[in-house]
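Below is one structure, written out as structure tokens; the observations come after it.
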Amino acid sequence: MPGFVKIDDRSLSDVLEFVRRYAEEINFLSPEYLADNSVPIDNWGAFFNRDNLILLIGISNYNIGRSDWQAQQLLEKISATSNESLQSKHLNRLADIILGMAKKLDYFSTHLQQNEITSDIIFDIRSAIRGDLNEELKSLYQFKAEANWEEAKVNDFKYLLGAWNKGIPTTELLEALDKEKNSNDLQYLRQIFTVFHHTFYHIIEKSKEVLENALSEMQNSKPHIALYIVFLKLFKYAIDIQNELPKRHLDFYYRDVLKQAEEPAQPDKAFVSVAIKPEVKHHFLDKGVLLKAGTNELGEPLYYKTIHPTNLTSAKVRKVCTLLKTTDERYHQKPYDSFITDIYASETTRTKEAYFSLNNLPPFGEGQVMKSQDERNMVEAKTGFVVSSHVLNLASGKRDVTITLSFEQASFQESLDLLQQVSTQNNQSLEETIYKVFSSAFELSVSQKVSIKPLAHYGFELDRENSQWIFTIEIAAHEPPIEHCESKLERQPVFEHPFVQIMLKHECSLFLYSLLANMEVENIHINTQTKALKGTKLFNTFGQIDLANPFEPFGVIPQKGDYFVLGHEEIFSKKTENIDLNIEWFSLPITHGGMESYYHEYLNNDVDSRIAEEVTTANYRIKKALLKGGKWIEDHGEPNGQEIFPNQTFKDVQIADAYESEIHISTNLQSLGHVPTQKASNYHFDQHTSEGFLRCSLQCPDFAFGHNSYPTILSETVQKNAQPKRKGPALKQPKLPFSPKIQKITVGYSASATAISRTKNRTSAEEVHLYELSPFGYQKKALETAGQTVKLIDETPGEGSLLLALDEYPRNGHISLLFVLNELMESDHAISPSQISMWYLRDNQWLPIQGHGIMNDTTNQFINSGVIDIRIPKDINRNNTVLDDSFLWVKATIQHETLAHGRLVKIYENGILSVWDKSASPVHLNKRLAPNTIEGTKDSIPQISAVVQPMPSFGGKPAEQPADFYDRVSERLRHKNRAITTQDYEELALEKHQQLYKVKCFAAEQTLDKDYINRRFIPGAVRVVVVPAIEASVNSNYPRVSKQSLKEIGDFLDKHSSPFVNTEVINPHFQKVRIICKVRFDGPESNNYYQDKIQEDIRMYLNPWLNDYKMPLVFGKRIYKSEVLTFLEQLDYVAFVTEFSLVNIKQRRGRFSFYDTAAEQTEVSGNQNEIRPDFPWSILVSAQKHDITPIDDKTYQPAKPRSISNMELGIDFIVSD
């Protein structure tokens, strides 16, 4: 570079100092000498010795650095030896340095002539001599015994102490110093030298300022000195021409031979958002429209012009949703890696009219597993399905529900194959895997009047033979009803019937989303069984029966044909298959012997009025009939009815003459042609009732229960027993007739419903409806005809999705959105983004936008801020339930690498890219145009209400400066625009990308050390680590380059390197170091104050560039425990430190580990007294938070090793790789 090494680079003061010394070498032959040779010969130095300029030059050119280095060496030797002879020798040499400085200062003090320029420096020198230096010189003299001062030094002490202590005789002063006791601490010598060194350094710096003023104002200089200085200044022009010879040589070669020139200025660009007035729905804005951007430093107006024509629209983005499906390899191995391990969703609603604020939202979502609860920006998405049917209306009793899902055989077999792979991987049987997976895979809930009730347990069976999943639910009698839910649940419809909700459980053995998404449902069957149903209504010929007390179902005097009628709206409004009555008789008198025994006296042949017909227990029966269409349809399956007093049994064998006091009556309603009834406002039985009841009629002999025969038979029996001539035993009187009384009657029933049935003209009560519940809504599945199948869950395409809700359709079908992104990445490595696909929602179906869904994308697939022009098909509509039907929905999806994208900060509509029009001087290109500088159009456009510039300009570059030109061309000549050596990579990257502060290139062979293990970094690979300009970095703690910049740098280097070299451009690997200790604070403030302060001081110490951005970031530097401990102990508010250790928190491929200096040292863990980086491209930095515990005592305790349980999620464990 021209001027780096000059032919003559001496300054004016250098030349004057040279002349002064040169003059001392030239003899001056005075007339006195010529007359008498015995007169001493003088030199020409006398012309310069007493001139202020020459003296100031002497001060400013004093080599204080050399004196410091020599003194430090001697001090180390004095401390290291105990040999008195050597100590004396080193002390004398140190005294030479200190006395030399003292004599210099004394000389300057006595020879400098005071004027308005030199008065300040003379005052400083004399003040120092009378003060600190005088005392330190006395202290140095007192080392006389240890040093055995040489005679010359004693004379120097006498002169200086006499000159610096006027009014005190030198002899008396020295005697007093000899008598005065001192500590003889050799370490005190360091303080003596330090005082002299700092004072002399101050005088040197002061002299440079005074010399500069003296050279510019020479009124007080001697004439010959002034004339000589004038000559030297004129001679400077000739020297400058001479020094330009290298530049002229380079200019000829670079500019004339190589035809190189400085690179011209590059205009900067800026994104703007143009808002149109509320009454305007659409406006076409042509390219080239000038936008006002204030003025530059010269006062010239700045204008930017639009690059592309744009259709401005009033449509706005009102909601933004993100959806992410994760396949988390940290927990699963094959075949688990083929499963979706979780689904996360987020939804944000617009709060400001001007723009949509999104607060660093990942556009395609991000995993939440390794985030603390406060850091999570997505929730676990609700995914599952709902089975709804009137048959699920179960108000009371013990209720059992069975839901059978029948699947298409191929999809069912595919799911079995996946489960078989899982069982093989886990060394389990398929049955064990099915039980383990499905017993915890779902969360089941049932509908209630105003909410849903989660179920604690459910049963599951997988029927491989019939390709079915079978869910079973048991509801205890004390639990509330399953009924129609009148409230609208979030993201769900108001279901017409009661329902069972089956949701995928996130905390489970295996998340079954992938399994369900492949399952095709052929049919759904629901079966319910209810026992001890409450609310049953009974009627007989006398009216409604009160069931609270024992009652006579057939009346007080039952006769043949009497009946009771049973009804319950829940039973008869469904497709009920069976009704089960359990009757417990009250004090039944015939349990032993039966009717024959009880009514034996009624059949006595000695009684003329005896009963002629046969009376047996088996003849007493109930016949059932169903009320349908106003007619009673009798049960012809039992033409003789059912015995109401059945025999007791033992092991299925009837016991003679023993009868049950309970009876079970079962009726198959389907055999009677039962059709579900319509729900009535007043469910009651009377002469107008036409359906919804079951009749139980008494079938028995005409005798019935003897109520009519009893008086006659009793009277005759009494009369015959009263006859005096009667022979034989007296006749037994007949027993009182009894009326069957029911102690308790319980009703149960079973009902079913099927989604697809061969029955024609089914009522809604017989139907089963299937709904899919998705993260943002629901969808009803059309499972209605035989042979038709539907997916149980519709799988969304891609790994991550960004969903945008528009409040209206743009008139021309295009909307230009400006996405403001946080481009900084948390990962060290650049990740290539996958291709974005665009979709639109129509009739609950996501359809791809054919052709070019994205007409223009300056975001480089959401890597950097920019404008995306989206084309929206005309057939998009709001007829949707999977998302909010108030809006029109479009979405962008990616297949993988969701972390390869920037984070959404804001969205503006009508985004436009503009470029500086070059109409003014390019002085503003030295820095970026600040946000909101562009504020309107140059010429008023009535349809436009505002122009907003939300981000600074970019891409601008000032014209190349000559120094940069020479650097660039010289480097180009060296590497010849080819990346071969590591230095080539570094220089090419720095040349092309001005935002970089530092570039370090590593070749694979440089890092094949046992300390650095990275399987991906193999020979043939080059890793380029880039650091941005720290003062311009958004996150100065861990300065990183954006994803787009990494990609651009990598693409650029690939073009200039061998195709056989694998080049990877990455950010530095920041390794966080956490300090753990207990501290006693010393100061007036509270412990809380000092805890905050020490946190900040540690952060500044470990990240020194935060205090000064010019401080370098050092790759591969180790942190030593002793250095950090010394730093803490030297803080003025720290009194004591104990239990001190350093922890290095590491994360690789999603796994966390850490190294603790308090842990026991091993060959693997390494040196216990240091923290070393994992890789050459690692930078050790401060952790987010350090574990500092305040204490009150000063008792030393050794550091305690830490464990994972001591670490904090979100503080220590933060996903960044």
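Only the coordinates and a few stated rules stand behind these numbers; no lab work does. These numbers come from a predicted model, not from an experiment. Note: ideal-geometry Cβ built from the backbone for every residue, glycine included; neighbour counts use all protein chains shown.
What is the spin-label model distance, in nm, from Leu430 to Val257 if the labels are put 7 Å beyond Cα along the C-beta direction?
Output for this residue pair reads 8.2 nm.
For segment 829-886 and segment 918-944, what is the separation of their Cα centres, given in Å?
31 Å
Just to compare against my own numbers: the Cα pair-distance distribution for segment 657-707, 10 Å bins, whole % per bin, please.
15, 33, 31, 18, 3
Step through the residues of segment 602-616 one at a time and calculate ³J(HN,Hα) from phi using the Karplus curve (6.51 cos²θ - 1.76 cosθ + 1.60, θ = phi - 60°), rounding each to whole Hz and writing x for Gly and Pro.
Computed from phi, the couplings for segment 602-616 are 6, 10, 5, 5, 6, 9, 5, 8, 4, 7, 7, 7, 6, 10, 10 Hz.
Over segment 384-529, what relative contact order in percent results from Cα pairs under 8 Å that are six or more residues apart?
Computed value for segment 384-529: 44 percent relative contact order.
Provide, as a two-decimal number, the C-alpha radius of gyration of segment 152-261 over 2.2 N^0.38 Å, N being how many residues it has.
2.06
What value, in deg cm²/dmol to 500, does the helix sum -39500 (n - 2.57) over DSSP H runs of n ≥ 4 give at 222 nm once divided by the residues of the chain?
After summing the helix terms and dividing by residue count, I get -7500 deg cm²/dmol.
Non-local amide H neighbours of Ala946 (under 5 Å, H modeled in plane, Pro and chain starts lacking H): which ones?
Ala275
What percent do you get for the relative contact order of the chain when only Cα pairs under 8 Å and 6+ apart count?
Reported as a whole number, the value is 12 percent.
Determine, for Val39, Val500, the number of other Cβ atoms within 10 Å of each Cβ, and report the residues in order from fewest to most.
The fewest-first ordering by Cβ neighbours comes to Val39, Val500.
DSSP loop (so not H, G, I, E, B), at most 12 other Cβ within 10 Å: list which chymotrypsin sites (Phe, Trp or Tyr not before Pro) in segment 1064-1145 pass both filters.
Listed in order of number, the matching sites amount to none.
Run the dipole for segment 349-482 about the Cα centre, Lys and Arg Cβ at +1, Asp and Glu Cβ at -1, nothing else charged, and hand back the magnitude in debye, nearest 20.
With only Lys, Arg, Asp and Glu charged at Cβ, the dipole is about 660 debye.
Treating only the Cβ atoms of Lys and Arg (+1) and Asp and Glu (-1) as charged, compute the dipole magnitude of the chain about its Cα centre; round to the nearest 20 debye.
It comes to approximately 1800 debye.
If you line up the long axis of helix 12-24 against the longest principal axis of the chain, both from Cα atoms, how many degrees apart are they, to the nearest 10?
Between the helix axis and the principal axis of the chain, the angle is about 30 degrees.
Which of Lys537/Lys679; Lys352/Lys382; Lys998/Lys1185; Lys992/Lys1055; Lys104/Lys222 have a Cα-Cα distance over 19 Å?
Lys352/Lys382; Lys998/Lys1185; Lys104/Lys222
Which order do peptides 550-559, 226-235 fall in by mean Cβ count within 10 Å, highest first?
Taking the mean over residues of other Cβ atoms within 10 Å, the ranking is 550-559, 226-235.
So for the chain, taking the charge dipole from beta-carbon charges (+1 Lys/Arg, -1 Asp/Glu), which of Pro848, Leu603, Tyr1133 sits furthest toward the positive end?
It is Leu603.
Nearest 10 degrees is fine. How inclined is helix 1043-1055 to the longest principal axis of the chain, computing both from alpha carbons?
60 degrees
List the residues, sorted by chain then number, that are 5 or more residues from Phe28 or on another chain and whose placed amide H is less than 5 Å from its amide H.
Result for Phe28 returns Asp42, Asn43, Trp44.
Please list, in order along segment 147-153, the HN-Hα scalar couplings obtained from phi with the Karplus expression 6.51 cos²θ - 1.76 cosθ + 1.60 (θ = phi - 60°), rounded to whole Hz, x for Gly and Pro.
Running phi through 6.51 cos²θ - 1.76 cosθ + 1.60 with θ = phi - 60° gives 8, 6, 3, 5, 4, 5, 6 Hz.
Among the listed pairs Lys77/Lys103; Lys236/Lys957; Lys206/Lys1110, give every one whose C-alpha distance is greater than 30 Å.
Lys236/Lys957
For segment 1101-1141, state which trypsin sites (Lys or Arg not before Pro) are in a DSSP loop and have at most 10 other beta carbons lying within 10 Å of their beta carbon.
Those satisfying the criteria are Lys1110.
Once you have the alpha carbon radius of gyration of segment 63-210, what is it after dividing by 2.2 N^0.38 Å, with N set to its residue count?
1.07
Quick one: angle between helix 409-425 and the longest Cα principal axis of the chain, in degrees between 0 and 90, rounded to 10, please.
Helix 409-425 and the main axis of the chain meet at about 50 degrees.
Report ³J(HN,Hα) in whole Hz for each residue of segment 697-704, in order, from the Karplus equation J = 6.51 cos²θ - 1.76 cosθ + 1.60 where θ = phi - 60°; Gly and Pro get x.
So the Karplus estimates, Gly and Pro as x, are 9, 7, 10, 7, x, 4, 4, 6 Hz.
Please identify the GluC sites (Glu not before Pro) of segment 111-188 that satisfy two criteria: DSSP loop assignment and at most 12 other Cβ atoms within 10 Å. Which are they?
When the GluC sites (Glu not before Pro) of segment 111-188 are filtered for loop state and at most 12 Cβ neighbours within 10 Å, Glu116, Glu180 remain.
For a quick check: with amide H placed at 1.01 Å from N, whose amide H comes under 5 Å from Gln648's, ignoring anything fewer than 5 positions away on the same chain?
Amide H to amide H, under 5 Å and 5 or more residues apart or across chains, Gln648 pairs with Ile655, Ala658, Tyr659, Glu660.
Over the C-alpha atoms of segment 843-933, what are the Rg and the largest Cα-to-Cα span, Dmax, in Å?
Here Rg and the maximum Cα pair distance are 18.2, 57 Å.
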